[in-house]
1. Students often check this: by mean Cβ neighbours within 10 Å, which of 68-80, 100-112, 47-59 ranks highest, and how do the rest follow?
2. Would you work out the relative contact order for segment 117-198, in percent, from Cα pairs under 8 angstrom that are 6 or more residues apart?
3. Find the relative contact order for segment 66-105 and round it to a whole percent, using C-alpha pairs within less than 8 Å whose residues are 6+ positions apart.
4. Take each of the peptides 121-128, 172-179, average the number of other beta-carbon atoms within 10 Å over its residues, and list them starting from the highest.
Amino acid sequence: MKHGQLRTTGAVLLLALSMSACAPILVASVAGSALVATDRRTSGTQLEDETIELRASSKVRDMFGEKVHVNVTSYNRQVLLTGEVPSDKERQAVAGIVEKVENVKSVVNELSVMPNASLGSRSNDLVVTGKIKASLVDSRDLFANAFKVVTERNTVYLMGRVTQREADSATQVIRNVSGVNKVVRLFEIISEEELRRLLPTPVEKTDADKAKK
């Protein structure tokens, strides 16, 4: 791999790592940008989702240790399970454990019965996720932080509270990202009217601000 390619891959990895943090995303205004980075869950729901992920992961780890490779992703209390397990018995058992975690509303079981993915495969998924998030940021008509992106063996799972228009637009963007084999949508569809209510109200400029021009 050439030196320039290494720099690009490193940048994508850093982007993926920085954007996958569990802390709630703060509302921020960026000068010159038409899009405002927002998380469409309430702060209480964000905290619940983080707690669900921690508790579920801990319970699965306590039960199976390194025997399974399970990723737990919660969005608005809908839990996505991805990764690998040795048999269907473990696949069902993991789902059963997670379903009993407090505040879990539903479980989408996408665990595959196969050997645990290699470090190389997981690293590749991280790179693909980074490229997807960068593409969403670059898209003019999408709020990148409205989407939760999970990549498992080149299959991309999308979660979030979005309109049908946003869901379709994001899917089209992501399908064009190199390394994506399949897109699975797990969205909670909201209306355009609800989206308008969720967006922050623009701050009116004061007379002093206007006088500066």
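1. On the way: 68-80: 21.2, 100-112: 15.6, 47-59: 17.5.
Packing order, densest peptide first, comes out as 68-80, 47-59, 100-112.
2. Values: 111 pairs, mean separation 23.7, N = 82.
The normalised contact order for segment 117-198 reaches 29 percent.
3. Values: 37 pairs, mean separation 14.4, N = 40.
For segment 66-105, the relative contact order is 36 percent.
4. Details: 121-128: 17.8, 172-179: 13.8.
Highest to lowest by the protection proxy: 121-128, 172-179.
Readers should treat all values here as calculations from the given coordinates under stated rules, not as data from a laboratory. Remember, predicted model here, so these are calculated numbers, not experimental data. Note that we place each Cβ from the backbone using ideal geometry, even for glycine, and neighbour counts take in every protein chain shown.
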